[in-house]
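All of the numbers you see were taken from the coordinates with simple rules; none came from a lab. The model shown is predicted, which means the values in this text are computed figures rather than measured ones. When we count neighbours, we look across all protein chains shown, and the Cβ atoms used for this are built from the backbone with ideal geometry, even at glycine.
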């Protein structure tokens, strides 16, 4: 009898163990996005942003996080030591509105219709007026996560400019799709995502050759889409509360994608190009009680007090208006165009003075190297250096809900760091090392401008900000390989 009980107990124990092993094998494996190495960065000037600047400071990084910051910190025995003597250590910089990492779009516009020979264009127009959003190439359900295409070198130029984090978004059409916040340190799209989706992105360019193709048409379409989304919500709410005897509503992906927006759960980023667009976008947001941010807005200096009165947040573009290449007659430009070009670098100072919350973005800049160059131009035009640095670091982190993870050098935050040869806004400063998620990238100097192109000081050749580099120009490269200035783990 006792023997039977023994075997029964043994059998139960085996069944329990097998079941536990089976359960464990079915559980998802959590893979960390962080580098597991430990580093000690010592001897440099640590600009914490939110606290005091530390001379001859030390920053300890482990498992992708900052584990210690200060002047006199014990050095872990297993850490790799980086001698930062003479360097300045900053938090990683944000680019608050860009298209980094998105694979090139098809050359033909999606859903845009034109009238072929022999077809009445009025009929095409009327068909587009009544078309569903998806058939007009207006797709709020599109997410940038599905469009990311990254490799080991995708973000080399951004890292060389000190940019470690970005809000990346589709940027064509009206309903442009949903954005994502990403770190620029992985070649795996899944590992670089910080928050997705973050926002629905709206532009005012319209559809070429289709509807809507004017500013009035765009806002009419946006307003009607919000009304349709509200009706769609009501239909499904009625059906879900008492489906018996009711015909099931039709599923509409575009209107379903707008539900988090009209419910105040997801912000809208309005990508604007004029004061008129800013005011209309804010009016639309107020009518439908939407959370919103304003992107672009290089002429926001004209209405800084208005933006403050609306409690608006601006993702201010550093893509300043440029003099057209090949302009034969400089006097042919209007006074308005000349004024916009001169005043755009003053926008940040105007917003700061008015108390408007803002962060910097690259907008349509084609060269990441010009990002900090143009931030420095904002300083030259009245913005304090402290505010400029915050607009690149802690302000965007707070705006995007990442203030506890990024934007400053503090214990417990993600180890996104920039080691520069000096003041980050000095044109002669070079970025030497970058940490992203605790992974070290060595910034290799470019091979130099090709023959016939004048060399410039600091971050790039001597061309105006925003210019597109020649195809033969070699960008700065980054590598996670070890290099000079890094010691091996201590014995």
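How do 158-168, 299-309 rank on mean C-beta neighbours within 10 Å, highest first? Write down the numbers at each step before the final one.
On the way: 158-168: 27.4, 299-309: 18.9.
With the highest mean Cβ count within 10 Å placed first, the list reads 158-168, 299-309.
Once you put a point 7 Å from the Cα of residue 405 and another 7 Å from the Cα of residue 276, both along the Cβ direction, what distance in nm separates them?
Distance between the two pseudo-spin positions: 4.0 nm.
Within 10 Å of each residue's Cβ, count the other Cβ atoms and sort 414, 66 from fewest upward.
Numbers: 414 27, 66 23.
If I rank by nearby Cβ atoms, fewest first, I get 66, 414.
List the relative contact order of region 371-447 as a percent without decimals, with contacts defined as Cα pairs under 8 Å and 6+ residues apart. All intermediate terms of the calculation are to be shown ahead of the outcome.
Numbers: 84 pairs, mean separation 15.5, N = 77.
After rounding, I find 20 percent.
Based on other C-beta atoms within 10 Å, arrange 400, 320 from fewest to most.
So the residues, fewest neighbours to most, are 320, 400.
How much FRET efficiency would the formula 1/(1 + (r/R0)^6) give for residue 216 and residue 306, where r is the Cβ-Cβ distance and R0 is 22 Å, rounded to 0.05?
Details: r = 21 Å, r/R0 = 0.97.
Between residue 216 and residue 306 the formula returns 0.55.
Within 10 Å, count the other beta carbons around each residue, average over each peptide in 360-368, 235-243, 249-257, and list them highest first. Let's see the in-between values first.
On the way: 360-368: 22.2, 235-243: 11.6, 249-257: 16.3.
Put in order of decreasing packing, that is 360-368, 249-257, 235-243.
From a point 7 Å beyond the Cα of residue 291 in the direction of its Cβ, which residues of region 221-244 have a backbone N at a distance under 20 Å?
226-227, 229-230, 233, by backbone N distance to the label point.
For residue 251 and residue 50, calculate 0.36 nm times their separation in residues minus their Cα-Cα distance, and state this gained length in nm to one decimal. Display every interim value, and only then the final one.
Working: separation 201, 0.36 × 201 = 72.36 nm, distance 4.74 nm.
Using 0.36 nm per residue and subtracting the Cα-Cα distance, I get 67.6 nm.
Would you mind computing, in nm to one decimal, how far apart the modelled labels at residue 65 and residue 149 are, each placed 7 Å from Cα along Cα→Cβ?
3.7 nm
Counting other beta carbons within 10 Å of each Cβ, put 371, 39 in order, fewest first.
Details: 371 27, 39 23.
Fewest-to-most ranking of 371, 39: 39, 371.
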